[in-house]
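Q: Below is the structure I would like to discuss, written out as structure tokens.
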């Protein structure tokens, strides 16, 4: 039996899956003052009448790290960076003092300038002096020490091109380790190149370390207490999972896993083999995803959280401010949206629709639920699209009144206005999807073969989940002119996704036969090779490493694959060699399909 | 970080194409540039965007070249993509998608002449010219300055714009007596329709930052201020770099960045540059930052040492004199044209062109009709040691009715004894071959 828990902004959903069937689902409100208790209560409720001994795995998608970052409840972090020659980076998005040190490794991983240990000694003294000063100040002012201040600080160390040669990062980390509670080395988090993103990723990892560690320890203890002994996994933004113990050292990978959970849920509920658009229409927002040949589209470099661009691998998702609770208003001037829903035969509707604004904010609940501002949901109610058994006559009247007031501004009946609102909602989503496709279809490629192949994403289906999905489906069908599919279990798709997600991992290998060095940064592998090392050997080695890692991640067999490979001839004066680059991953996938 | 100038980059390293496995023009050439750009996070700078090439069409090529026997035979898909990258770079600026653009594409193009029998100086199609002429066709007439900052003389571009007064071509390069292609002297100044609008500045070996920037300040920028082009193109070779393996100059990443800041080109197109590990990653980063209007002061080669690269005072002195001469010739261009061509009705120019990469020898005579109403009909009689004997007729963009008519008549009556006859009608964007 698989347990999946997905904690979102307002709700926490849980699901238990057994023999390809959903045997139980729950839905609770999130208590923002106590996320830990929220999760525990959800688990307790879900398993209350189930056989705990049968639970083989618990997968959690949490907002612990995400919230800590968004709400600035992170630990203090010292940053030590080696930026070398290049752009004069500044990191205004990072609320820590940045300490730059000398030394440089170039793009090949060659040591150009070594570390200056005298400089490091001075920095060490300086950093601890600053820390002492802060502690003294706190004591002097008799401040009530908060959680963060009472702990020793964390450290993030990032050097330029550390994914090509991590020796400086390792040396600096060792040198300072004793002074810190925790140290993050940039190269361990991703094998991809991008120094500013690596800095942000390493910073965030150290920043959420304490809060995630506390959560992880508590949750593990709490589950043991109720005799759940199954392994616990945490969901990542790439739609995969990682064991709780790994998440403690790499908590940054647990950020923004919510959209990935929905995506995986939709994957589980649909038959996916073609190019398609996936929409998760919620209360506040609509999340848009794409499948190409049934495979998710990933963020090209990594996910962005707040002001931080990171190297955290993530399923490509874009959120727009359109959901059931999106507020409605009438504006005098056109908002410039390209509304061409009826442009061919009805310019009158067209002009009116341009004056209707949906969202992008949520300004409270729908009138139907006692709110003060008309919403998309209220428009649906006017058209009798909702299940009226759930509402009192009074509630329905509130909604109708609000919509009528807006409709009168355009001299329309409430029904006509509501109809136009739903059409416009569908068109807004379509326009956004078109924009994203334009961007995705012009992503850089680097070979003549790819330019000539010109692989374009052309969705043939639209798949929708979420509260308003059922009602909007017919409107989406008209604007997309494609088949629109709705699964039955769409209300807890996110928790289903969480339950069925499997561990994922990406590895990057670079072998340089001139330097006779092989590196897989994510596994901290930096070793010697012979000058005749070949692409085939590299392929074998990276898969061997990945399969070994996969075994540690899961008891069940995980499929691995090579996703990119190249071997460049290097000619340097009289010597020559090969520059071999291979990227491999555990295939993102699901434990089973839901029947 | 926010770019001051919205910059479009057509970065296309062609990782699956090489002239041969160990040729300087091989798959690896832009690999370390890509690594550097990725590690610097260039793609995350707001205002800098990446674009893909759109392969060039046959017609794009025919506007510039007489491809013998035809475009399909002479140009590989890789060449079409590289030329397409240059077209896209121009189009980014003309369509307003970017304020400036830089095409980092390969293979390069500035050694490709009007007639193309094969590859010379690693070039088959002149990527700048193909891009520029596509723009002129799409967006109308333009006054353009092409500044060739490659270390080798841009002999192909010179040939293409030899008789075009609306395209000012300035090339500075290592003196042709010491480097391929062995041309690019100051008296190569243009055909009878555009004398003085082809400017060569041959620099002595070991010229450093000081010399290049002197030429820029004292020759190039003043001429540009007078010529007032609608568009400035940097034919951006990077082989003036002190670490380049096939040249002998002392220019630097800082120097290239300063040059691009001052020159302020609208479009830059990568040409040569084969110090792929020690120069290109830094020079390209420097050019990108300079074009985007960002701080490039930190972009230096790891082994950069200004004292080691200081320019010999004798070189400085030579460059001062040379600059004065070149600038004076520019000012005297009308007088000099009169001296050079006088009252000739037809100007002929005989040349031998060697295709070093493919080992082909071509003998050609270019004939420029002197016309008082336009830059004049012109045609090339050419034969290669591979057995081709061709005539290529060009009706220039500004051709008068008479020259147009004459062009078609010449095309009609030519043929006997020739393997191929071509007509470029630039007025009507029509290209014929028989």
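Q: To the nearest whole number, what is the average tally of beta carbon atoms from other chains within 10 Å of the beta carbons of peptide B:298-306?
A: Shielding by partners across B:298-306 averages 3.
Q: If you build the convex hull over the alpha carbons only and average its shadow over all orientations, what do you get for segment A:371-520? Give it in nm² to one decimal.
A: Mean orientational projected area (segment A:371-520, Cα hull): 15.4 nm².
Q: For segment A:503-586, what does the relative contact order come out to in percent, with C-alpha contacts under 8 Å and a separation of six or more?
A: Averaging sequence separation for qualifying contacts and normalising by length gives 38 percent for segment A:503-586.
Q: Between segment A:19-75 and segment B:291-355, how far is it from one alpha carbon centroid to the other, in angstrom?
A: 71 Å
Q: Let me ask something additional. Dividing the Cα radius of gyration by the Kirkwood radius, what Rg/Rh value follows for chain A?
A: On the way: Rg = 26.5 Å, Rh = 26.4 Å.
Rg/Rh: 1.00.
Q: Taking every DSSP beta bridge with both residues inside chain A, roughly what % is antiparallel (nearest 5)? Intermediate results must be reported in sequence, preceding the final value.
A: Values: 65 of 95 bridges.
In chain A, DSSP labels about 70 percent of beta bridges as antiparallel.
Q: Looking at the protein assembly as shown, what % of its DSSP beta bridges pair antiparallel, to the nearest 5?
A: Here the antiparallel bridges make up roughly 55 percent for the protein assembly as shown.
Q: With viscosity set to 1.567 mPa s at 4 °C, what whole-number translational diffusion coefficient in µm²/s follows for the protein assembly as shown from Stokes-Einstein and a Kirkwood radius over Cα pairs?
A: Rounded, D is 40 µm²/s.
Q: A follow-up question, please. Please give, to one decimal in nm, the separation of the simple spin-label points placed at residue A:34 and residue A:119, each 7 Å out from Cα toward the Cβ.
A: 5.1 nm
Q: For a distance above 19 Å, tell me the whole-number percent of Cα pairs in segment A:260-329 that qualify.
A: So the portion of pairs separated by more than 19 Å is 42 percent.
Q: Using the basic label-point model (7 angstrom from Cα toward the beta carbon), what is the residue A:53 to residue B:57 distance in nanometres?
A: For the pair residue A:53/residue B:57, the computed spacing is 7.5 nm.
Q: If contacts are Cα pairs under 8 angstrom and at least 6 residues apart, what is the relative contact order of chain A in percent?
A: 14 percent
Q: Can you give the calculated 222 nm mean residue ellipticity of the protein assembly as shown, where each DSSP H run of n ≥ 4 adds -39,500 (n - 2.57) and the sum is split over every residue, rounded to the nearest 500 deg cm²/dmol?
A: The per-residue figure over the protein assembly as shown is -10500 deg cm²/dmol.
Q: Still on this model: Once every Cα of segment B:138-177 carries one equal point scatterer and solvent is ignored, give the base-10 log of I(q)/I(0) from the Debye formula at q = 0.23, 0.26 Å⁻¹, two decimals.
A: -0.76, -0.89
Q: To continue, here is another question. Helix A:167-176 versus the longest principal axis of chain A: what is the Cα-based angle in degrees, 0 to 90, to the nearest 10?
A: Roughly 90 degrees, rounded to the nearest 10.
Q: Shifting gears a bit: Which of these, B:45, B:232, B:353, has the largest mean-square fluctuation under a Gaussian network model of chain B (Cα springs below 10 Å)?
A: In this elastic network of chain B, the residue with the biggest mean-square fluctuation among B:45, B:232, B:353 is B:45.
Q: Of all DSSP beta bridges in segment A:326-486, what percent run antiparallel (nearest 5)?
A: Roughly 60 percent of the DSSP beta bridges within segment A:326-486 come out antiparallel.
Q: Ignore the peptide's own chain and count Cβ atoms of other chains within 10 Å of each Cβ in A:298-309; give me the average, rounded.
A: Whole-number average of other-chain Cβ neighbours for A:298-309 is 1.
Q: So how far, in whole Å, is the C-alpha centre of segment A:464-539 from the one of segment B:371-429?
A: Here the answer is 58 Å between Cα centres.
Q: Let me ask another. Just from the alpha-carbon atoms, what are the Rg and Dmax of segment A:495-595 in angstroms?
A: Final numbers for Rg and Dmax: 16.7, 63 Å.
Q: With a ≥ b ≥ c taken as the square roots of the eigenvalues of the C-alpha gyration tensor of segment A:445-506, please select rounded if a/c is under 1.5 and otherwise prolate if a/b is larger than b/c or oblate if it is not?
A: Oblate is the answer for segment A:445-506, as a/c is 1.5 or above yet b/c matches or exceeds a/b.
Q: Alpha carbon centre of segment B:1-16 versus segment B:87-152: separation in Å?
A: Computed from Cα coordinates, the inter-centre distance equals 16 Å.
Q: Running a GNM on chain B with Cα contacts under 10 Å, which residue among B:47, B:196, B:96 ends up with the highest mean-square fluctuation?
A: Checking each option, the largest mean-square fluctuation is seen for B:96.
Q: Could the peptides A:200-207, A:552-559 be put in order, highest first, of the mean number of other beta-carbon atoms found within 10 Å of their residues?
A: Averaged packing, sorted descending, gives the order A:200-207, A:552-559.
Q: Computed FRET efficiency, Cβ-Cβ of residue B:321 and residue A:572, R0 35 Å: what is it to the nearest 0.05?
A: Efficiency for this residue pair is about 0.35.
Q: Here's a follow-up. Using the Cα atoms of segment B:73-115 to build a convex hull, what is its mean projected area in square nanometres?
A: Average of the hull's projected areas for segment B:73-115 equals 3.6 nm².
Q: Arrange the following residues from fewest to most other Cβ atoms within 10 Å of their Cβ: A:78, B:187, A:6, A:454.
A: B:187, A:454, A:78, A:6
Q: Moving on. To the nearest 10 degrees, how steeply does helix A:117-140 sit against the main Cα axis of chain A, on a 0 to 90 scale?
A: Once rounded, one gets 50 degrees.
Q: Let me see the pair-distance distribution of segment A:201-292: every alpha carbon pair, 5 Å bin width, integer percents in order.
A: Result, from short to long distances: 3, 12, 18, 18, 15, 14, 12, 6, 1, 0 percent.
Q: While we're here: Against the empirical 2.2 N^0.38 Å scaling, what ratio does the C-alpha Rg of segment B:84-234 come to?
A: Values: Rg = 14.9 Å, N = 151, 2.2 N^0.38 = 14.8 Å.
In units of the globular-protein estimate, segment B:84-234 measures up at 1.01.
Q: By how many nm would the segment from residue B:365 to residue B:304 lengthen if fully extended, with 0.36 nm per residue of separation less the alpha-carbon distance?
A: Difference between extended and current length: 17.3 nm.
Q: In bins 20 Å wide, starting from 0, what share of all Cα pairs of chain B does each bin hold, as a percent?
A: Over chain B, the share of Cα pairs per 20 Å bin runs 28, 59, 13, 0 percent.
Q: Going by alpha carbons, how many degrees (0 to 90, nearest 10) lie between the helix axis of A:393-409 and the longest principal axis of chain A?
A: 90 degrees
Q: With the alpha-carbon atoms as the only input, what is the per residue convex hull volume for segment A:77-206 in Å³?
A: It comes to 102 Å³ per residue, whole-number rounded.
Q: Now for a separate question. Can you tell which of B:200, B:373, B:264 shows the greatest fluctuation in a Gaussian network model of chain B with Cα springs below 10 Å?
A: With Cα springs under 10 Å in chain B, the top fluctuation among B:200, B:373, B:264 is at B:373.
Where a number appears in this text, it was derived from the coordinates with a stated rule and is not lab data. What you see is a predicted model; the values in this text were computed from it and never measured. Neighbour counts are summed over all protein chains in view; Cβ atoms, including those assigned to glycine, are modelled from backbone coordinates with ideal geometry.
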